[in-house]
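Before any comments, here is the structure.
The values are calculated or read from the model by the stated rules, or taken from the named source; none is laboratory data. Keep in mind that what you see is a predicted model, and the values were worked out from it rather than measured. Counting neighbours? That spans all protein chains shown, and the Cβs are built from the backbone with ideal geometry, glycine included.
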Amino acid sequence: MTEHDVSRRKVLAIVTNYGVEQDELVVPVDHLRGWGAQVDVAAMTKGPVETLVGDREPGRTLDPDLTLDDVDPATYDLLLVPGGTLNADTLRTQSSADRIVRAFTGSGRPVAAICHGPWVLVEAGAVAGKRLTSYASLQTDIRNAGGDWADLPVVTDDSGGWTLITSRNPGDLEPFIREIDTALAVPGPSGT
């Protein structure tokens, strides 16, 4: 990322302590940290985050940086909502997750959600009028919530005063991360 500097950016990933899809959390977090961004993972409790691969097989275990209740959303530049059926289904029932999503969308900061992650956005009332993608089984929920669902690897929608970046599954991580990089880009000294 020679033309932009993300080292001045802070990213928040929100998850539950069990069931987040490993690569949808680990790959973007490792990528962004590799470019120098500060990335905090917030979970429901301070206990370990046990990821899954394909919603079935045990994945990596990570230590969260803070809890959802301890998050001050105003200090972050982008919100990352990874999927995993169990993760997203539980996360969308948490009032702290709803508070965080609404803080980002209400202040015009970008949100990136992948796979089942958009369930959290549906619950927060954030998809109405937005074009987005997700795991295919969420399309009816998204449409019922007023969103325009598309079967594409990545969809970026800048309408409504905030940017929403969505992808369907771990197979779409490359374009998903590329769009996150674009949303976080800080112009370099030459203005590029």
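GLU24: of a type in the set (Asp, Glu), in a strand (DSSP E or B), in contact with a strand residue (DSSP E or B) (Cβ under 8 Å, 6 or more places away or on another chain) and surrounded by 15 or more Cβ atoms within 10 Å (Cβ to Cβ), yes or no?
It is false that GLU24 is of a type in the set (Asp, Glu), in a strand (DSSP E or B), in contact with a strand residue (DSSP E or B) (Cβ under 8 Å, 6 or more places away or on another chain) and surrounded by 15 or more Cβ atoms within 10 Å (Cβ to Cβ).
Looking at this structure, is ARG92 closer than 30 Å to THR45 by Cβ, modelled with pLDDT of 95 or more and in contact with an Asp or Glu (Cβ under 6 Å, 6 or more places away or on another chain)?
Working: closer than 30 Å to THR45 by Cβ: yes; modelled with pLDDT of 95 or more: yes; in contact with an Asp or Glu (Cβ under 6 Å, 6 or more places away or on another chain): yes.
Yes; evaluated as a whole, the condition is true for this residue.
Output the helices (runs of 4 or more DSSP H) that fall wholly within the range 72-128 and possess 2 or more residues being of a type in the set (A, V, I, L, M) and out of contact with any helix residue (DSSP H, G or I) (no Cβ under 7 Å at 6 or more places or on another chain), or say none.
none
Right, THR45: farther than 19 Å from ASP157 by Cβ, free of Cβ contacts under 8 Å to residues at least 60 places away in the same chain and not basic (Lys, Arg) or not?
Numbers: farther than 19 Å from ASP157 by Cβ: yes; free of Cβ contacts under 8 Å to residues at least 60 places away in the same chain: yes; not basic (Lys, Arg): yes.
Spelling it out, THR45 is indeed farther than 19 Å from ASP157 by Cβ, free of Cβ contacts under 8 Å to residues at least 60 places away in the same chain and not basic (Lys, Arg).
Of these, ASP55, ASP70, ASP65, which one is at pLDDT below 95 and of a type outside the set (Phe, Trp, Tyr)? Show your work before the answer.
Values: ASP70 fails: at pLDDT below 95; ASP65 fails: at pLDDT below 95.
ASP55 is the lone residue from the list that is at pLDDT below 95 and of a type outside the set (Phe, Trp, Tyr).
Can you tell me which residue is farthest from SER107 (Cα to Cα) among those in the range 43-68 that are exposed (fewer than 13 other Cβ atoms within 10 Å of the Cβ) and acidic (Asp, Glu)?
The extreme case among them is GLU57.
Within the group ALA145, ALA126, which residue is surrounded by fewer than 22 Cβ atoms within 10 Å (Cβ to Cβ), of a type in the set (A, V, I, L, M) and modelled with pLDDT of 95 or more?
Answer to the check: ALA145.
Scan ASP89, ASP30, ASP40 and give me the residue that is within 30 Å of ASN144 (Cβ to Cβ), surrounded by fewer than 23 Cβ atoms within 10 Å (Cβ to Cβ) and among the charged types (D, E, K, R).
None of the others qualify; the one that does is ASP89.
Can you find a residue that is among the acidic types (Asp, Glu) and part of a strand (DSSP E or B) anywhere in the range 27-44?
In the first step, residues of the range 27-44 are kept if they are among the acidic types (Asp, Glu); the result is 30, 40.
Checking which are part of a strand (DSSP E or B) leaves us with 40.
Scanning the range 27-44 turns up at least one residue that is among the acidic types (Asp, Glu) and part of a strand (DSSP E or B).
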